1. Regarding the range 115-125, can at least one residue be identified that is surrounded by 12 or more Cβ atoms within 10 Å (Cβ to Cβ) and of a type in the set (D, E, K, R)?
2. Which of the residues spanning the range 1-60 are more than 16 Å from the chain's Cα centre (by Cα), in contact (Cβ under 8 Å) with a residue 60 or more places away in the chain and farther than 29 Å from Arg169 by Cα?
3. Within the range 1-60, which residues are of a type in the set (Ser, Thr, Tyr) and in a strand (DSSP E or B)?
4. Residues being surrounded by fewer than 19 Cβ atoms within 10 Å (Cβ to Cβ), among the aliphatic types (A, V, I, L, M) and either touching a residue at least 60 places away in the same chain (Cβ under 8 Å) or closer than 27 Å to Arg189 by Cα (or both): count how many of those fall in the range 80-94.
5. Please count how many residues of the range 178-201 are under 18 Å from Leu86 (Cβ atoms) and either assigned to a helix (DSSP H, G or I) or of a type in the set (Val, Ile, Thr) (or both).
6. Does any residue in the range 183-194 that is at pLDDT 95 or above come within less than 8 Å, Cβ to Cβ, of a residue that is part of a helix (DSSP H, G or I) and exposed (fewer than 15 other Cβ atoms within 10 Å of the Cβ) six or more places away or on a different chain, and which pairs are these?
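The values are calculated or read from the model by the stated rules, or taken from the named source; none is laboratory data. As the structure is a prediction and not an experimental result, all values here were calculated from the model. No Cβ is skipped: glycine too gets one built from the backbone with ideal geometry, and neighbour counts run over all protein chains shown.
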Amino acid sequence: MKNIVILISGRGSNMEAIIHAAAAEKWPARIAAVISNRADAVGLRTAALAGIPTATVEHGNYPDRVSFDRALAEQIDFFQPDLVVLAGFMRILSAGFVEHYRGCLLNIHPSLLPSFPGLSTHRRALEAGVRFHGATVHFVTQTLDHGPIVDQAVVPVFEDDVEETLAQRVLSEEHRIYPEAVRGIVEGRIRLDGDHVRRSVRAAD
């Protein structure tokens, strides 16, 4: 049984999608904990209602990113994770933190990477006039939003789209592909080999 730790900063809608899929599909894994850098994150209550342990490591209580990341890693490691999933965790992580979880740190980004890394992806996509937009699940590396890609979902961009309509269409796809990617990893069908994502049809023994 694999242990998954999910990190959130707010509502955690991708967290919810993962929790529901894990239970409904009977993954060989459990959500060991949900941890937030904000005590008022709505997702903490959602997780608690689902019977999942929660914890908070407030970033404002630490003088710098490295000391916060050290405290966060200590809290994560208490739950002995096999996979750490970023689900709307709005902090840039230090190189030491990323290296500590190399190969088992996963993120989802609301664009078709390598296009539009960083923030305001939907606005930037509309301003660029792209015909297609989407979301990317990737392993986290020290280069922001540029880790090895696990999966992507593509949505069309319509002429009358605004940020909100495009964001909602992308979010619906995030809720589909993120649980699928997490399941593939905990079942051993998806793994990181160096800088490459490897896939197999059958689950690992």
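1. yes
2. Residues satisfying the conditions are Lys2, Pro28.
3. First, pick out the residues of the range 1-60 that are of a type in the set (Ser, Thr, Tyr): 9, 13, 36, 46, 54, 56.
Across the range 1-60, the qualifying residues are Ser36, Thr54, Thr56.
4. Within the range 80-94, residues that are surrounded by fewer than 19 Cβ atoms within 10 Å (Cβ to Cβ), among the aliphatic types (A, V, I, L, M) and either touching a residue at least 60 places away in the same chain (Cβ under 8 Å) or closer than 27 Å to Arg189 by Cα (or both) number 1.
5. Going through the range 178-201 one residue at a time, the tally reaches 11.
6. Arg183/Glu25
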